[in-house]
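Here's the structure we're looking at; comments come further down.
The values are calculated or read from the model by the stated rules, or taken from the named source; none is laboratory data. Note that the structure is predicted; figures quoted are calculated from it, not measured. Backbone-built Cβ (ideal geometry, glycine too); neighbour counts: all protein chains shown. Please note that ligands, DNA and RNA were not included when accessible areas were found on the heavy atoms of the full protein model with its side chains. Shrake-Rupley method; radii C 1.70, N 1.55, O 1.52, S 1.80 Å.
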Amino acid sequence: MNKVYLIGAGPGEKDYILPKGIHYMKNAAGIIGASRLLPVLKELTGREEGFYPFGKIDETLELAETLMKKGTVAITVSGDPLMYSFFKTIQNKKPDWTIEVVPGIGSLQMLGAAFGMTMEEAAIISVHGRNKTKGSIALAVKEHEKTFFLCGKEQNPSWLSKIMLEYGMDKVTVYAGANLSYEDQILKSGSPMEMENVSMPELSVAMIYNPSPEKVAKKAMLKDEDFIRGKTPMTKEEIRAVIMMKMGVLPDSIVWDIGAGTGSISIECARQCPYGEVHGIEKESDAMELMKKNKEKFEVDQLFLYQGKAMEIIPTLPIPDAVFIGGSGKELKNILGYIAGMDMQIKVVISAVTVETIAECNKYLEIYDDNYQITQLTAGRSRKIGSYHIMDTNNPVMIFEAIL
């Protein structure tokens with residue numbers, strides 16, 4: 001099978017296409033490229049024939065495979081083929097192809113050059129057609145001096161600026177560009193407030209400069225007495241610590257807490273996820289009132305509370321990274337089935353103390369085999385009697401964890 005040359009055409013202006021790529025195109029059996037690139041490629045190669053417009057991905061790959069029977073094939077893409085481009089697609093769909101990559105100059109490089117900004121240690125994020133939460137974007141900017149973005153129609157520099165304002169990051173500077181290297185090139189920069197209403201073309205790039213980046217550190221765990229308590233049972237601090245470790249939440253995680261009770265797990269998660277979201281569900285009104293009080297006490301605005309049955313609420317929530325189930329109200333089977341039906345793998349942690357719940361958890365989770373683990377915990381605390389101390393031991397708790 002003949003070789004495929006995957007060639008980066010840079011921003012599209014002919015002076016930014018490498019001579020090596022032009023050489024390969026001149027000698028290829030066929031050249032595939034975006035329609036707007038073909039006139040430039042004809043001029044550079046001096047050829048009039050053998051050009052094919054880039055179509056749907058599978059159709060383009062079939063076309064390339066047909067052309068490979070005649071000789072080498074040049075597939076030309078905008079920007080750099082190694083930066084959120086076509087190289088990974090070919091690797092995944094055609095792993096047997098022999099590919100040589102001729103890198104190109106990416107739009108992020110062009111933006112950095114236009115504003116005199118280097119890319120060392122910068123974060124690079126694509127929000128073009130990707131499900132990025134506002135919190136994950138704010139977190140990246142918070143922790144990096146420079147964060148570069150490949151933008152889309154809705155996820156544009158204005159949208160990024162609004163996120164900065166929403167998270168109180170008004171001291172950063174937003175840089176944006178479009179049509180880079182062309183006569184109608186657009187370059188704009190300013191504070192988030194100055195940039196929040198700036199209009200840019202559908203495909204644009206941005207960079208946010210943070211003069212004072214800092215790592216977002218996780219805070220220590222709370223003790224039981226830190227919470228406002230009531231008659232509603234609460235997960236004890238020793239058990240909470242293990243549950244939090246099992247859930248593995250990150251600063252920008254999306255978390256569901258089902259059967260949240262007094263909200264001790266919800267509060268801990270919200271404190272650990274300052275740039276994420278925690279959605280606490282509880283059907284009992286007394287417990288909900290306690291959750292509201294604890295939310296106010298610990299000032300966790302990223303905690304959202306819902307009163308009602310889980311299966312009536314979870315279809316309205318964003319897709320989670322992790323789910324804790326402390327109580328399911330006999331809806332466990334349906335809850336797990338709903339989570340398992342999502343398009344991404346999700347970490348689920350369940351605590352159980354009754355024999356019936358333990359049996360039910362094992363029944364529904366054992367099918368996940370290698371992604372399934374059970375931990376038994378028993379926590380005891382000392383109590384003084386006279387001049388002696390004895391241990392008061394709580395009921396053993398079974399913690400189930402699985403990736404659905």
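Charged neighbours of Tyr24, selected by a Cβ distance under 11 Å, balance to +2 (K, R count +1; D, E count -1).
Give me Rg/Rg_expected for region 200-348, where Rg uses Cα atoms only and Rg_expected = 2.2 N^0.38 Å with N residues.
On the way: Rg = 16.7 Å, N = 149, 2.2 N^0.38 = 14.7 Å.
In units of the globular-protein estimate, region 200-348 measures up at 1.13.
For the chain, carbon and sulfur atoms together expose 49% of the accessible surface, with a 1.4 angstrom probe and every protein chain in place.
Looking at region 213-283, which GluC sites (Glu not before Pro) are in a loop (DSSP not H, G, I, E or B) and have at most 10 other Cβ atoms within 10 Å? Hits after loop and neighbour filter: Glu214. Compactness of region 271-404, taken as the C-alpha radius of gyration over 2.2 N^0.38 Å, stands at 1.23. Among Val249, Val101, Val349, the largest mean-square fluctuation in a Gaussian network model of the chain, built with springs joining Cα atoms closer than 10 Å, belongs to Val101. Here is the size of region 1-46 from its Cα atoms: Rg then Dmax, 10.1, 32 Å. Taking only the C-alpha atoms of region 27-107, Rg followed by Dmax gives 12.2, 34 Å. Which of Gly261, Gly135, Gly341 moves most in a GNM of the chain, Cα contacts under 10 Å? Result: Gly341 has the largest fluctuation of those listed.
The helix-based estimate of mean residue ellipticity at 222 nm for the chain, built from -39,500 (n - 2.57) per DSSP H run of four or more residues and divided by its residue count, is -8500 deg cm²/dmol to the nearest 500.
Restricting region 125-213 to trypsin sites (Lys or Arg not before Pro) that sit in a DSSP loop and have at most 12 other Cβ atoms within 10 Å of their own Cβ leaves Arg130, Lys171.
Under a model in which nothing but the beta-carbon of Lys, Arg (+1) and Asp, Glu (-1) is charged, the chain shows a dipole of about 400 debye around its Cα centre.
The heavy atoms of Met169 offer some 20 square angstrom of accessible surface to a 1.4 angstrom probe. Accessible area per residue was computed with a 1.4 Å probe on protein heavy atoms; Leu18 scores about 80 Å². Hydrodynamic radius of region 21-74 by the Kirkwood approach over all distinct alpha-carbon pairs: 11.1 Å. Reported to the nearest whole Å, the Cα centre-to-centre distance from region 150-210 to region 334-404 is 46.
Of the GluC sites (Glu not before Pro) in region 289-341, which ones lie in a loop per DSSP and count no more than 15 other C-beta atoms within 10 Å? Could the numbers behind the result be given before it?
Working: sites: Glu289, Glu296, Glu299, Glu312, Glu331; in loops: Glu299, Glu331.
Answer in residue order: Glu299.
For the pair Lys309 and Asp286, the difference between a 0.36 nm per residue extended length and the Cα-Cα distance amounts to 6.8 nm.
Per residue, the convex hull spanned by the Cα atoms of the chain amounts to 184 cubic angstrom.
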